[in-house]
């Protein structure tokens, strides 16, 4: 497509994300610390000893399923917890909000949705795309 002698592509490049301001660092630190505390409370609550399986086969199957579901949930929560801890370390170092892949700023809306994000949306989409 041409416009006044210039060739324009049909797709626009994504606008460059703004860096996180120093006032936003404190906000994100508080959000991350609260999420970390919530996860730790949930994981420690779920690690309480589970009683012996009782009941008929259906009850035992249901209890087993619930334990397996809890285990999977805890595993994903632990992954998020690791990412939160990494984000808090980045805040301390002043690297928070920088994509680990391309080193560009991660957009503030993405950080608001997922403050422990390690990658900008472009790099994350690229990583999730099947080869």
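Just one of the listed residues (57, 74) is modelled with pLDDT of 70 or more, under 18 Å from the mean Cα position of the chain (by Cα) and at negative phi, and it is 74. Of all residues in the stretch 90-103, those being surrounded by fewer than 16 Cβ atoms within 10 Å (Cβ to Cβ) and over 13 Å from residue 25 (Cα atoms) number 4. Filter the stretch 106-117 down to residues that are in contact with a helix residue (DSSP H, G or I) (Cβ under 8 Å, 6 or more places away or on another chain), within 16 Å of residue 30 (Cα to Cα) and in a loop (DSSP other than H, G, I, E, B), then give me how many there are. Matching residues across the stretch 106-117 total 3. Only one residue in 89, 103, 36 is closer than 26 Å to residue 23 by Cβ, touching a helix residue (DSSP H, G or I) at 6+ places or on another chain (Cβ under 7 Å) and modelled with pLDDT of 85 or more, so which one is that? Only one candidate passes the filter, namely 36. Among the residues of the stretch 11-33, the ones that are modelled with pLDDT under 85 and within 27 Å of residue 93 (Cα to Cα) come to 9 in all.
The values are calculated or read from the model by the stated rules, or taken from the named source; none is laboratory data. Keep in mind the model is a prediction, meaning the values are calculated, not measured. Here Cβ is always computed from backbone atoms with ideal geometry, including for glycine, and neighbour counts include all displayed protein chains.
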